[in-house]
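Undergrad: One structure, as structure tokens, below. Some questions next.
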Amino acid sequence: MSVDKNYKQIFYSNLKGIKERISPPDYSTLESVREFATMLDRIEDRPIYILDHYTISFFFVSRRYLALLGYPDDVPVDFDFFLDASHPDDAKVSIDAPLQFFELLETLPPEEKFHYKLVTDFRLMMPTGEYTRVLEQIVVLKLDANHNPWLTLCITDLSTNQDIEQPSGAKIVHVESGETVGIIGNPDVFLEPTILTVREREILVLISKGYLSKQIAAMLGISINTINNHRRNIMQKTGCSN
């Protein structure tokens, strides 16, 4: 099940509105950006991508993104991929959050535009049909000649909140102070989890008994990718390294 066609039209219409504000960029500088992205992808154990808002396309995509969700690495990652994989109930936040972020950036002096980030916690479908939550942080990477955001960088993690029933939420944050200056959608999605979920406790018990991820997946009737996502969340919540 994917987002409604009308939401897709609104999403792409918003992207075109952003593009219309951007003057033709200087693409001669992009080789250094690609080198930076490649180096960051090697260093970070997290998927990244860079959006070109002038061409409305992905300039760089880490193949880690597909691996994170359990997709084959030949699946094209574009806007349709995210729209089709997003939970239908998260569509409004997916549309409203970038729009509000760019509206804020328009009001800021050029250098201040680099000091804010958009953080979104939302649900994406895996090939199994199950959903997992991801946390994306988007910052401005480059401005055009008129100081409009041209390239943005996104770094992605699995969310520590894997309550699939919770709707999506986003917030605009000042990077240096950590102050939240805007909330879009569900604010509760960013509350720090203090305990393991029922499913995580169930999996932790089976791990303690020596079962492997493949065995646990078969016992619980869910995918091994979901089990591994739960294992990562358990380690993050408990502060354990293995």
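Undergrad: Against the definition (surrounded by fewer than 19 Cβ atoms within 10 Å (Cβ to Cβ), farther than 29 Å from Ile164 by Cβ and within 20 Å of the chain's Cα centre (by Cα)), how does Ile43 come out, yes or no? Before you say what the answer is, go through the steps one by one.
TA: Numbers: surrounded by fewer than 19 Cβ atoms within 10 Å (Cβ to Cβ): yes; farther than 29 Å from Ile164 by Cβ: yes; within 20 Å of the chain's Cα centre (by Cα): yes.
The answer is yes for Ile43.
Undergrad: Something else now. Restricting the search to the stretch 145-182, which residues are assigned to a strand (DSSP E or B), loosely packed, with under 15 Cβ neighbours inside 10 Å and of a type in the set (Val, Ile, Thr)? Write out each step before concluding.
TA: Pass one, the stretch 145-182, residues assigned to a strand (DSSP E or B): 149-158, 169-174, 180-182.
Subset that is loosely packed, with under 15 Cβ neighbours inside 10 Å: 174, 180-181.
Those that are assigned to a strand (DSSP E or B), loosely packed, with under 15 Cβ neighbours inside 10 Å and of a type in the set (Val, Ile, Thr): Thr180, Val181.
Undergrad: Does the stretch 1-29 hold any residues that are in contact with a strand residue (DSSP E or B) (Cβ under 7 Å, 6 or more places away or on another chain), among the aliphatic types (A, V, I, L, M) and farther than 30 Å from Thr128 by Cα, and which are they? Give the derivation first.
TA: Of the residues in the stretch 1-29, the ones in contact with a strand residue (DSSP E or B) (Cβ under 7 Å, 6 or more places away or on another chain) are 3, 22, 25.
Imposing the further condition that a residue be among the aliphatic types (A, V, I, L, M) reduces the set to 3, 22.
Residue satisfying the conditions is Ile22 alone.
Undergrad: Pairs, please: C-beta under 7 Å, at least 6 apart or cross-chain, first residue over 15 Å from Asn146 (Cβ atoms) and in the stretch 89-110, second of a type in the set (Lys, Arg) and open to solvent by less than 80 Å² (accessible area, probe 1.4 Å)?
TA: Partner pairs satisfying both residue conditions: Asp90/Arg123.
Undergrad: Okay, moving on. If you check Tyr71, Tyr54, which single one turns out to be open to solvent by 30 Å² or more (accessible area, probe 1.4 Å) and in contact with a helix residue (DSSP H, G or I) (Cβ under 8 Å, 6 or more places away or on another chain)? Steps first, please.
TA: Working: Tyr71 fails: in contact with a helix residue (DSSP H, G or I) (Cβ under 8 Å, 6 or more places away or on another chain).
Within the list Tyr71, Tyr54, the selection yields Tyr54.
Undergrad: Kindly check whether there is at least one residue in the stretch 90-98 that is outside any strand (DSSP E or B), of a type in the set (Lys, Arg) and within 18 Å of Tyr7 (Cβ to Cβ). Steps first, please.
TA: Filtering the stretch 90-98 for residues outside any strand (DSSP E or B) gives 90-98.
Going one step further and asking which of them are of a type in the set (Lys, Arg), we end up with 92.
Those still in the list that are within 18 Å of Tyr7 (Cβ to Cβ) too: 92.
Yes; the residues of the stretch 90-98 include at least one that is outside any strand (DSSP E or B), of a type in the set (Lys, Arg) and within 18 Å of Tyr7 (Cβ to Cβ).
Undergrad: For Ala85, indicate whether it is closer than 27 Å to Ser23 by Cα and open to solvent by less than 50 Å² (accessible area, probe 1.4 Å). Spell out the reasoning first.
TA: Working: closer than 27 Å to Ser23 by Cα: no; open to solvent by less than 50 Å² (accessible area, probe 1.4 Å): yes.
So Ala85 does not fit the description; no.
Undergrad: Among the residues of the stretch 14-31, what is the count of those that are in a helix (DSSP H, G or I) and either touching a Pro at 6+ places or on another chain (Cβ under 7 Å) or open to solvent by less than 70 Å² (accessible area, probe 1.4 Å) (or both)? Spell out how you get there, then give the answer.
TA: Taking the stretch 14-31 first, the residues in a helix (DSSP H, G or I) are 14-21, 27-31.
Subsequent filtering for residues that are either touching a Pro at 6+ places or on another chain (Cβ under 7 Å) or open to solvent by less than 70 Å² (accessible area, probe 1.4 Å) (or both) retains 14-15, 17-18, 29-30.
Here the count works out to 6.
Undergrad: Starting from residues that are within 20 Å of Asp157 (Cα to Cα) and modelled with pLDDT of 90 or more, keep the ones in the stretch 195-224 and report whichever is surrounded by the fewest Cβ atoms within 10 Å (Cβ to Cβ).
TA: Per the criteria, the residue is Ile224.
Undergrad: Return only the number of the condition from (1) touching a Phe, Trp or Tyr at 6+ places or on another chain (Cβ under 6 Å); (2) more than 22 Å from Ala170 (Cα to Cα) that Leu40 does not satisfy.
TA: So Leu40 meets the others, but not (1).
Undergrad: Continuing with this model, one more query. Only residues that are among the β-branched types (Val, Ile, Thr) and without any contact (Cβ under 8 Å) to a residue 12 or more places away in the chain: list them for the stretch 204-237, please. Quick ask: steps written out before the conclusion?
TA: The first filter runs over the stretch 204-237 and keeps only residues among the β-branched types (Val, Ile, Thr), leaving 205, 207, 216, 222, 224, 226-227, 234.
Once the filter is applied, which keeps residues that are among the β-branched types (Val, Ile, Thr) and without any contact (Cβ under 8 Å) to a residue 12 or more places away in the chain, the stretch 204-237 yields Val205, Ile224.
Undergrad: Could you check how many residues of the stretch 22-37 are under 18 Å from Val139 (Cβ atoms), over 23 Å from the mean Cα position of the chain (by Cα) and small (Gly, Ala, Ser)?
TA: 1
Undergrad: So which of Ser57, Ser94, Ser86 ends up being among the small types (Gly, Ala, Ser) and more than 30 Å from Ser223 (Cβ to Cβ)?
TA: On the way: Ser94 fails: more than 30 Å from Ser223 (Cβ to Cβ); Ser86 fails: more than 30 Å from Ser223 (Cβ to Cβ).
Of Ser57, Ser94, Ser86, the one residue that is among the small types (Gly, Ala, Ser) and more than 30 Å from Ser223 (Cβ to Cβ) is Ser57.
The values are calculated or read from the model by the stated rules, or taken from the named source; none is laboratory data. All values derive from a computational prediction rather than experimental measurement. Every residue, glycine among them, receives a Cβ derived from its backbone with ideal geometry; neighbour counts consider all protein chains shown. Side chains are part of the model used for accessible areas, which takes the heavy atoms of the whole protein and leaves out ligands, DNA and RNA. Shrake-Rupley method; radii C 1.70, N 1.55, O 1.52, S 1.80 Å.
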